[in-house]
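Let me begin by presenting the structure, written as structure tokens, before commenting on it.
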Amino acid sequence: MSETQDFRDMPPVWSRYATWIADIHDKYYEVRVDLLDSGQWQMTIRYGRRPDLGAGAIKPSVHPSMAIAISLAQAQFDSKIAKGYTATERPEDANLRVRLDNR
């Protein structure tokens, strides 16, 4: 089990946000990297239907370095862009919408 932390009140070290809005899609996808108290780096992926009301999925993973975490996060994000998502600004209140019980 990873040592996940509550990052809702902290800005991420690195993050990307995308949406896919079309006739049959109305989704969001976010990937972020945060420094854990242990010195390791956590990559967190959030995704779900828009509007993002906290009901989406959350998938954290822990990595030994910032470079590894960001490299993996960028690859995940790029794969979503290739599937049809569009990179957008992260909503200012996105952190407040996360429900930690959805891990």
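Laboratory data are not the source of any read-out in this text; all were calculated from the coordinates shown. This structure is a prediction, so every number in the text was calculated from the model and none was measured. Please note: Cβ atoms are built from the backbone with ideal geometry, for glycine as well, and neighbour counts cover all protein chains shown.
Phi angles across segment 57-66 convert, under the Karplus curve 6.51 cos²θ - 1.76 cosθ + 1.60 with θ = phi - 60°, into 3J(HN,Hα) values of 8, 10, 10, x, 8, 10, 9, x, 9, 5 Hz, Gly and Pro given as x. Potential lengthening of the chain between Ala87 and His25 amounts to 20.8 nm, from the contour at 0.36 nm per residue minus the alpha-carbon distance.
Across segment 15-88, Cα-Cα pairs farther apart than 21 Å form 28% of the total. Over all other residues within a Cβ to Cβ distance under 10 Å of Gln76, the charged ones net out to +2, with Lys and Arg as +1 and Asp and Glu as -1. A simple rule links phi to the HN-Hα coupling: the Karplus curve 6.51 cos²θ - 1.76 cosθ + 1.60 with θ = phi - 60°, which for segment 35-48 gives 8, 7, 4, 6, x, 8, 10, 9, 9, 10, 10, 10, 7, x Hz, with x for Gly and Pro.
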